[in-house]
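In what follows, a single structure is set out as structure tokens and then discussed.
The values are calculated or read from the model by the stated rules, or taken from the named source; none is laboratory data. None of the values given here were measured: they were computed from a predicted structure. Quick reminder, even Gly has a Cβ in these numbers, built from the backbone with ideal geometry, and neighbours come from all protein chains shown. Protein only, heavy atoms only, side chains kept; ligands, DNA and RNA dropped before computing areas. Shrake-Rupley method; radii C 1.70, N 1.55, O 1.52, S 1.80 Å.
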Amino acid sequence: MKQSDRGSVFHRAGWLRAVEEGLDRSARHLVLEKGNNPIALLPNFVRRVELPSSLPSVVDRLDAKRLTSIEPGFGGPLFMGSERSNFEMMFDHIDRLLERDDFVNHRVKAANDEYLRYSRPFSEYGYQLSSGVCRLVIDLDQGWESIESNMNKSKRSNISKARENDATVYERSLEGEALERFYETYQQAMDRVGGTAYPYAFLERIGEELADRTELFTVEVDGEFAAGQVYLVDDEQSSVHCFFQAVDADYFDYYPSELLDEYGMKWAIERDYGEYDLGSSPSDFTDGSFRYKNELGAQPRPVLSWERGCSPIKWPMYRLGRWYLKNRNGSSELSSA
């Protein structure tokens, strides 16, 4: 992986173990070797699609499982030798794997724009490219003063107010009492917005497997936990990823999100990281998450996703389910376990 320009923290063995064990997902990683040396890697996990009861009966009887590379996070193939021949060998194996295990579809999700170099080879194997989701990224090379001046006026005002409040940011390890306090608030925050929290075991495994690649920053007021942010540090791509955030509703007036972002960006700038990744959002300027991150000065970059249907019966049914959900509630994603 170290020999590939497209390797990231999400390709590391520690992240893959955290996903497999913390989320209880079966791995289907493909590794090509020449002699005893790996020359290509494509990490994959099996995800069972959970169909809501509101779907038409012809769809809700679908026993669906999909193969993804990677989710959560970003995957895609890594090559350490001849890209063309290794790509062909890799995806010839994928063909057999998909047929053998009766997957509905295979999705490859990559954040690195350089994966566009594989668009034609992907299409030759029947994959279609989509980019309805984006990452919002701040270029850290411009320095803090420039970053702050490029923010929306309201965000600059909120940061100014946050500095005046009696709140302190601390650097913690993702373990023990700090993790427990963070997770309790994280669960409450996800319930508040109608989201689904990742299990405690997953965050715990991340802290164990990637202790040198994770940072937990917390905001405390009079000794009480007000907010926290878990970062994944991607040395391979010189990026700091905002991955989980938890804010106690009782402390909204302290503007802890802005306080954490300021602290996180300054922390990353001091350590010469190139970008501050605020995470994924729909590619939609009316979306609340997109607006918040964009007002901080973050610029959208496409999340590249290649998808291929596998089962001649289940894939059309799966697409029908996605179409139904999109027209019913605006979301085209069936939930996955």
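Points worth noting:
- Checked against (1) touching a Gly at 6+ places or on another chain (Cβ under 8 Å); (2) in contact (Cβ under 8 Å) with a residue 40 or more places away in the chain, V169 passes all but condition (1).
- Positions within the stretch 268-310 being open to solvent by 10 Å² or more (accessible area, probe 1.4 Å), in contact with a strand residue (DSSP E or B) (Cβ under 8 Å, 6 or more places away or on another chain) and among the charged types (D, E, K, R), in sequence order: E275, D287, K293, R301, E307, R308
- Filtered residues of the stretch 193-220 (kept if acidic (D, E) and open to solvent by less than 10 Å² (accessible area, probe 1.4 Å)): none
- Note on the stretch 80-120: residues that are open to solvent by less than 20 Å² (accessible area, probe 1.4 Å) and part of a helix (DSSP H, G or I) amount to 9.
- Here G223 fulfils each of the conditions (1) closer than 17 Å to Y273 by Cα; (2) open to solvent by 20 Å² or more (accessible area, probe 1.4 Å); (3) free of Cβ contacts under 8 Å to residues at least 40 places away in the same chain apart from (1).
- Restricting attention to the stretch 32-58, the residues that are part of a loop (DSSP other than H, G, I, E, B), at pLDDT below 90 and surrounded by 13 or more Cβ atoms within 10 Å (Cβ to Cβ) total 3.
- Test result for F182, in contact with a Leu (Cβ under 8 Å, 6 or more places away or on another chain), open to solvent by less than 40 Å² (accessible area, probe 1.4 Å) and within 18 Å of E21 (Cα to Cα): no
- Considering M190, M265, the condition of being over 23 Å from E21 (Cβ atoms), open to solvent by less than 60 Å² (accessible area, probe 1.4 Å) and of a type in the set (A, V, I, L, M, F, W, C) is satisfied by M265 alone.
- Residues in the stretch 289-314 that are more than 18 Å from the chain's Cα centre (by Cα) and free of Cβ contacts under 8 Å to residues at least 12 places away in the same chain were compared, and the one that is nearest to I94 (Cα to Cα) is P312.
- Enumeration of residues in the stretch 234-262 that are under 18 Å from the mean Cα position of the chain (by Cα) and either open to solvent by 60 Å² or more (accessible area, probe 1.4 Å) or among the charged types (D, E, K, R) (or both): D234, D235, E236, Q245, D261
- Scanning the stretch 19-31 for residues that are part of a strand (DSSP E or B) and either touching a Phe, Trp or Tyr at 6+ places or on another chain (Cβ under 7 Å) or farther than 22 Å from V9 by Cβ (or both) returns a single hit, A27.
- Search result, residues across the stretch 121-136 that are open to solvent by 70 Å² or more (accessible area, probe 1.4 Å) and either assigned to a helix (DSSP H, G or I) or touching a helix residue (DSSP H, G or I) at 6+ places or on another chain (Cβ under 7 Å) (or both): E124, L129
- Residue check for L320: touching a residue at least 60 places away in the same chain (Cβ under 8 Å), farther than 28 Å from Q188 by Cβ and surrounded by fewer than 18 Cβ atoms within 10 Å (Cβ to Cβ): yes
- Counting the residues of the stretch 137-147 that are open to solvent by 10 Å² or more (accessible area, probe 1.4 Å) and either basic (K, R) or in contact (Cβ under 8 Å) with a residue 24 or more places away in the chain (or both) gives 4.
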